[in-house]
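Let me begin by presenting the structure, written as structure tokens, before commenting on it.
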Amino acid sequence: MQFDDKVPIYYQIKNYLYHRMVAGELGLGEKLPAVRQLAVDLTVNVNTVQRALREMIDEGYIAPQRGRGNFVTQDATKIATLKQQLTTTYIQDLYGQLHALKLTDAEIIAEIKTYIQQRGDADDQRN
Amino acid sequence: MTNAIEITQLNYRKNTKTILTDVNLQLAPGKIVGLLGENGAGKTTLMRLIAGVAKNAKGTIAVHGETREAPRRAFVSFSEALQGFRPADKLSQIRDFYALAYPDFSAKKYLDLITFLQIDDDQKLATLSKGTREKFIIALTLSREAAVYLLDEPFNGIDSMSRKRIISSIIQWKQDSATMVISDHYVSEIAALLDEVVIIKDHTVCAHKSSDQIRSEFGLGIEAFYESIYEGDIHDDEL
């Protein structure tokens with residue numbers, strides 16, 4: 001994983017784990033790798049991983065079990081809410097940028113539809 | 001909590017040349033700290049003083065509260081350049097010397113490290129490439145169960161694969177409570193590793209910040225922050 005050096009690393013680790021949870025790569029109740037293993041995999045400091053996990057425990061996304069390690073929450077609505085939050089964040093960003101280019105709402109929706117259509121066509125050609 | 005390293009009003013001159021002036025620095029246990037500065041800024045000298053290898057500085061240096069040089073050396077594992085060894089010495093002989101000289105030397109850690117770093121210790125010192133030599137120094141330094149590790153430019157002139165392995169071995173084998181200081185004059189590769197950054201300029205510590213503070217307060221990466229300080233874009237009163 002590549003980090004943006006201008007953004008606190010613990011924040012980027014949290015984001016990375018949020019995404020994996022929403023995408024289902026880390027399933028409900030799944031055990032997370034050990035802290036040191038995560039640090040090695042991501043090439044970051046153990047302290048930084050600990051900070052990210054501590055915050056995610058406080059937020060309720062991760063449930064620690066004494067002596068057994070850290071587990072993704074069993075609470076499906078929690079992950080569904082997270083998915084909605086991430087989606088809203090990306091749409092806000094995209095909408096803000098297109099809006100700044102003076103596209104109307106109808107144009108924005110049309111552009112997105114066209115894009116998805118063209119992408120689909122490209123996929124079809126490849127298959 | 002006692003600081004891992006506490007330096008108060010340190011001044012050091014060599015012959016008539018000023019090397020360090022009024023250095024004050026406190027480092028907490030468990031941190032990985034980048035010691036940054038141009039070549040000749042005094043990074044190596046500061047490490048040698050902390051390690052108790054260089055002597056006769058004014059001021060005090062305490063490692064876990066210990067200010068005397070000889071007992072301090074027992075706490076500090078310093079990546080020395082293997083200067084006291086003969087070119088014909090085998091690496092395994094150097095390992096034997098370390099095991100005798102340092103009671104905290106762990107034979108198991110050493111074996112794990114040379115395996116991970118892919119070093120054959122049946123070789124002679126003289127036959128090592130620059131990269132293997134650096135990796136071997138790292139293996140010896142991390143094999144001690146020390147409270148403080150001082151790594152002096154461990155990435156100098158080595159290929160990127162060796163660099164990655166050295167970084168992984170640091171993450172894997174540094175005990176949580178140990179403090180590690182890594183000096184370098186360019187930082188992009190280790191930026192994600194550093195809890196804190198200490199910058200040396202004009203013979204003294206001109207900035208000591210947590211990495212997250214740099215990112216959130218200044219909106220800069222570590223490398224950019226370091227460059228801004230050296231180029232004078234960030235003034236002393238902003239630090």
**Prompt:** Which lysines, on any chain, are close to B:K135 with Cα under 16 Å apart, when same-chain ones fewer than 8 places away are left out?
**Reply:** B:K90, B:K109, B:K124, B:K164, B:K174
**Fill in**
Straight-line reach check, B:K209, cutoff 16 Å on alpha carbons, 8 or more apart in-chain or any other chain, hits among lysines -> A:K6, B:K31, B:K201
**Asked** Which log10 I(q)/I(0) values, to two decimals, does the protein assembly as shown give at q = 0.14 Å⁻¹ under the Debye formula with one point per Cα?
**Response** -1.22
**Prompt:** For region A:1-34 and region B:102-126, what is the separation of their C-alpha centers, rounded to whole Å?
**Reply:** 34
**Fill in**
Relative contact order as a percentage, chain A, C-alpha pairs under 8 Å and 6+ apart, gives 22
**Message:** Give the aspartates and glutamates reachable from B:K17 as a straight Cα distance under 14 Å; neighbours fewer than 8 places away on the same chain don't count.
**Reply:** B:D202
**Asked** Looking at chain B, do any whole DSSP H helices span at least 18 angstrom along their long axis by alpha carbon and average -0.5 or above on Kyte-Doolittle, and which?
**Response** B:130-143, B:160-173
**Prompt:** Where the centre of each part is set by its Cα atoms, how far does region B:84-98 sit from region A:42-94, in angstrom?
**Reply:** 48
**Asked** In debye to the nearest 20, how big a dipole does region A:33-126 give about its Cα centre with +1 on each Lys and Arg Cβ and -1 on each Asp and Glu Cβ?
**Response** 540
**Item:** region A:77-126 - charge dipole about Cα centre, Lys and Arg +1 at Cβ, Asp and Glu -1, debye rounded to 20
**Value:** 260
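Taking trypsin sites (Lys or Arg not before Pro) that fall in a DSSP loop and have at most 13 other Cβ atoms within 10 Å as cut points, what is the longest piece of chain B between them?
By the stated rule (loop sites, at most 13 other Cβ atoms within 10 Å), B:69-239.
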**Request:** Determine the shape class of region B:5-238: with a ≥ b ≥ c the square roots of the Cα gyration tensor eigenvalues, call it rounded for a/c under 1.5, and otherwise prolate if a/b is greater than b/c, oblate otherwise.
**Result:** prolate
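Bear in mind these aren't lab numbers, they're just calculated from the coordinates by the rules spelled out. It should be emphasised that the depicted structure is a prediction, and the values quoted were computed from it without experimental measurement. Neighbour counts run over all protein chains shown; Cβ positions are idealised from the backbone, glycine included.
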